[in-house]
Structures are given as C-alpha cells and as structure tokens.
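K.L.:
Sharing a structure with you now.
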Amino acid sequence: MSNDTPAKSAGPNKLVVRNVGLLLSGNLDHPILDADTVVAVDGVIHAVGKEKEIDTSNATTTIDAKRAALAPGLIDSHVHPVCGDWTPRQNQLGWIDSCLHGGVTTMVSAGEVHTPGRPKDIVGLKAMAIFAQRAFHAFRPGGVKVYAGAPVLEQGMVEDDFRELAAAGVKFLGEVGLGSVKDGVTGRRMVAWARKYGIQSTIHTGGPSIPGSSLIDKDMVLETDADVIGHVNGGHTALPDDQIIALCERSPRALEIVHNGNERAGLLALRTARELKQLHRMILGTDSPAGSGVQPLGILRMISMLSSLGELPAEIAICLATGNTAKMRGLNCGLIEIGREATFVFLDTAQQSAGKNLLDSIQKGDLAGIGMIIIDGVVSIQRSRNTPPATLVPEVVRA
Ligand SMILES: [Zn+2]
C-alpha cells in the first residue's frame, strides 16, 4: 500500500477477518479473547467475536487468517524522526517502512532532535515542531502513523508558547533534558504548562545519550514529573539499580523500556513494576534511529526479551507494546475493541522455532513471524520482508 487513501466506493468499506487462530487483545486485563472474527467498517473496529455470531455479509475485503494470531499493530513509544522516511543519524532511507515490516504501525516522536541545524531559539523550535507535526500527519510511510512534532524544552519558554503549540496541533513534548532545561524546577513548571494545554511529556532518564547531552537522575525525573519516564532502562546508560527501583515505586507515571537501553536494567524495571502490580505503566520503545541504529524488529525483540528472560507470558508482553502504550499515550489504536482503529498485525510461530506455538516460541526467546499488516482497515503489507518467515500466513480471499 501506499500513502494514498483507498478509493471511495459507494458503500462503506467493510473488512472481515475470519479464521483467526488466536486473538490477542492488547488489554492486560484479558489479553486473549475468545473470538475468531473481527469486522471493521471504514477503518474502525465494528465487531469482534465468533464468526457465527457476527454479520459478515457485504464485505468489501475478506481475509482468511488461516489460524494465524491477530494482535493490534505494535506501537513504538520512542522514536526520533527527522523528515520524510530518512534519518541523518544513521544516514538511512526507508527506516520507518522497515519498522513497519517489524510490526510497528504507530510511532511516537520523542523529539526531532537529529534534525541537522535544529533551531534552539523559541520561535525556531516552535516552527520546527509544527512543521514536523504537519508533515508526518500528511506523510505515512507504508501507512505508518508517526505522531511527530515534539518540541524540546529550552530555557525562556513561557506558558503562552505551550498554548500556541497545542492550538497548532502539537500533542507531545520531546524528551525533557535534551535541550537547555536541565533542572527539575524549570522542567516541572514547563511540563505542567504543557499538561494544562493537553500536551504530553517524556523525560530522558539516565546517562548522556551522545556527547553534549547530560545525566538525568532519579531526583530530576521525580521533580519534573513528566507523563512518561522515558527509557527508564537508560538510553543508552542506565541509572543505578536503586534509582530505577525508586522511580518505579515513587512515581505514578509511565515506565518506558527501550531497545536502545540497558537490557538488564529493563528487566529490573519489569520485575519491580510487576511486584508492585504496576504492569499497566510499562510501555515499549526503540529510541531509533539512535546511536545503536535503526531496529526494524526492535519492538518484537523487546517482546521476546521481556517474555523469555523476564518470564512474562507472551500475551502480556504484547500488551506492553500495544494497549498499554495506547492508553498511556492517548492513542485510539493498540486494542482490539469496538471503536478502535482497525490496525492489526498477524503473527505466527517462526518456521522451525522450537516453540510449540506462537506464545511458547516468544517465551522461548524467538521472534514472531509476521504474515500481514492491516492499517485502518486496509492491507498494508503481506508477508514481512524482515521477520523470520511465519508458519501460518493469512490470505486475502476477496477484495
Ligand atoms: Zn533519551
């Protein structure tokens, strides 16, 4: 598919997905649904249940899932886009499309900080944020939705700047700490202004990411009180264990684990949140394109890492990359429920995996294979070019 919207037919576009072998809801409270069919009308989920109980007539597109699993499209809670499907950090073209082939259908910008010559004056940073928001709203590589336009806090910003950004459509701040605001008092004041106008915030956590950035420790994170504790496992360098545990215990905010961080620290955060019965706060990102590069399978790898080494049931690990992130980020995707975006990834056991089935293969540390992706009710890709080949692959039977 493409960046074009599908041609409008006379009636509604009705998508029927039948013969689903395992329906993963993205919802921590009931991650597996007793259902085999999903119907979407004009890109929105309209019905979920057993085929015989659902009206599947007059479909404009019918997919036979061939007993593969259906899950919500994966969300990458932490990316650094620049412009188009290009990143200067790793000098790579097509990185967003490549991540689509890793199951990611939605990305949230943590700041367009890799932009060459990034403006740091206030008029310039606002202009860049609004430009990025507009550009990525209109440009969807492979269909992926990139929520970009995430300004980085700089000294001298006033309340009116946040009001103006919100009115222009900005919904997220870039990571607090990547600009000149590096103290908790100023950070807290600006984050509260952002929140007042409906702009969500994320703070960089841990050691400096690249030369020129600096340490953000637990005291600064707690004082600033941003909505998302960005890469609680460091990006790259993690805080000491006692500080990570303190953030889990003392802040009520989202706890983000990224691929570009310290994996042991990520497992520590997972274990701590789980003991505190706070798993709903855990969300996943990659931080790509970072120093560690673009990770097209980064979210799938995080799911397998947390499930296998963290002994987290795979259906729960998938919630961290779907429903949890959607809820924390205020997105209308990430859950298989009526009224949500009809954005799905079809997963199955990778061929020759030692796992008995998809969930067992993930719990054993293997990556899932992707057989198809649907975004807003439209088939975006069929078999992924990047994952190991899935055993069961859905088929379009009528389009
Ligand atoms: Zn960061």
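K.L.:
Give me the pairs, please: first residue somewhere in segment 83-108 and closer than 20 Å to Leu367 by Cβ, second residue anywhere and open to solvent by 40 Å² or more (accessible area, probe 1.4 Å) and among the polar types (S, T, N, Q), beta-carbon distance under 6 Å, and either six or more positions apart or on two chains.
P.N.:
Here the result reads His101/Asn386; Gly102/Asn386, each pair linking segment 83-108 to a residue that is open to solvent by 40 Å² or more (accessible area, probe 1.4 Å) and among the polar types (S, T, N, Q).
K.L.:
I'm trying to understand the selection: among the residues of segment 162-189, which are within 19 Å of Ala127 (Cα to Cα), open to solvent by 10 Å² or more (accessible area, probe 1.4 Å), outside any helix (DSSP H, G or I) and more than 16 Å from the ligand (Cβ to nearest atom)?
P.N.:
Selection gives Ala168, Gly169, Lys171.
K.L.:
With the structure loaded, tell me whether Ile336 is part of a strand (DSSP E or B), away from the ligand (no atom under 16 Å from the Cβ), touching a Gly at 6+ places or on another chain (Cβ under 7 Å) and within 30 Å of Asp42 (Cα to Cα) or whether it fails that test.
P.N.:
no
K.L.:
So which residues in segment 18-40 are more than 23 Å from the chain's Cα centre (by Cα) and within 25 Å of Thr325 (Cβ to Cβ), if there are any at all?
P.N.:
Val20, Gly21, Asp34, Ala35, Val39
K.L.:
What number of residues in segment 194-221 are within 11 Å of the ligand (Cβ to nearest atom), surrounded by fewer than 21 Cβ atoms within 10 Å (Cβ to Cβ) and outside any loop (DSSP other than H, G, I, E, B)?
P.N.:
1
K.L.:
Let me ask something additional. Going through segment 79-93 one residue at a time, which ones are part of a loop (DSSP other than H, G, I, E, B) and within 14 Å of Phe136 (Cα to Cα)?
P.N.:
His80, Pro81, Val82, Gly84, Asp85 - these are the residues of segment 79-93 that are part of a loop (DSSP other than H, G, I, E, B) and within 14 Å of Phe136 (Cα to Cα).
K.L.:
Just to be sure, is Gly26 at pLDDT 95 or above and in contact with a Lys or Arg (Cβ under 6 Å, 6 or more places away or on another chain)?
P.N.:
The answer is no for Gly26.
K.L.:
Another question about this same structure. Can you run down the residue pairs with Cβ atoms below 6 Å, 6 or more apart or on separate chains, where the first is in segment 38-49 and farther than 16 Å from Phe346 by Cα and the partner is part of a strand (DSSP E or B) and of a type in the set (D, E, K, R)?
P.N.:
Val41/Lys14
K.L.:
Pull out all pairs, ordered by first then second residue, where Cβ-Cβ is under 7 Å, the residues are six or more apart or on different chains, the first lies in segment 263-288 and is over 14 Å from Ala321 (Cβ atoms), and the second is open to solvent by 70 Å² or more (accessible area, probe 1.4 Å).
P.N.:
Leu267/Leu309; Leu276/Glu249
K.L.:
Can you pull out every residue in segment 301-349 that is touching a residue at least 60 places away in the same chain (Cβ under 8 Å) and basic (Lys, Arg)?
P.N.:
Those that are touching a residue at least 60 places away in the same chain (Cβ under 8 Å) and basic (Lys, Arg): Arg301, Arg329, Arg340.
K.L.:
Separate question: Cβ-Cβ distance below 8 Å, separation of 6 or more or different chains: which pairs start in segment 118-146 with a residue that is over 15 Å from Gly84 (Cα atoms) and end on one that is open to solvent by 30 Å² or more (accessible area, probe 1.4 Å) and in a helix (DSSP H, G or I)?
P.N.:
Filtered contacts from segment 118-146: Arg118/Met128; Pro119/Ala127; Pro119/Met128; Lys126/Glu164.
K.L.:
Is it the case, given these coordinates, that Gly369 is surrounded by fewer than 22 Cβ atoms within 10 Å (Cβ to Cβ) and at pLDDT 95 or above?
P.N.:
no
K.L.:
Any idea how many residues of segment 141-196 are basic (Lys, Arg) and either under 30 Å from Ile374 (Cα atoms) or touching a His at 6+ places or on another chain (Cβ under 9 Å) (or both)?
P.N.:
2
K.L.:
Give just the number: which of (1) in contact with a strand residue (DSSP E or B) (Cβ under 6 Å, 6 or more places away or on another chain); (2) in a loop (DSSP other than H, G, I, E, B); (3) of a type outside the set (A, V, I, L, M) does Thr115 not satisfy?
P.N.:
So the condition that Thr115 fails would be (1).
The values are calculated or read from the model by the stated rules, or taken from the named source; none is laboratory data. The structure displayed is predicted, hence computed values, not measured ones. Reconstructed Cβ throughout: ideal geometry from the backbone, glycine too, with neighbour counts over all protein chains shown. Side chains are part of the model used for accessible areas, which takes the heavy atoms of the whole protein and leaves out ligands, DNA and RNA. Shrake-Rupley method; radii C 1.70, N 1.55, O 1.52, S 1.80 Å.
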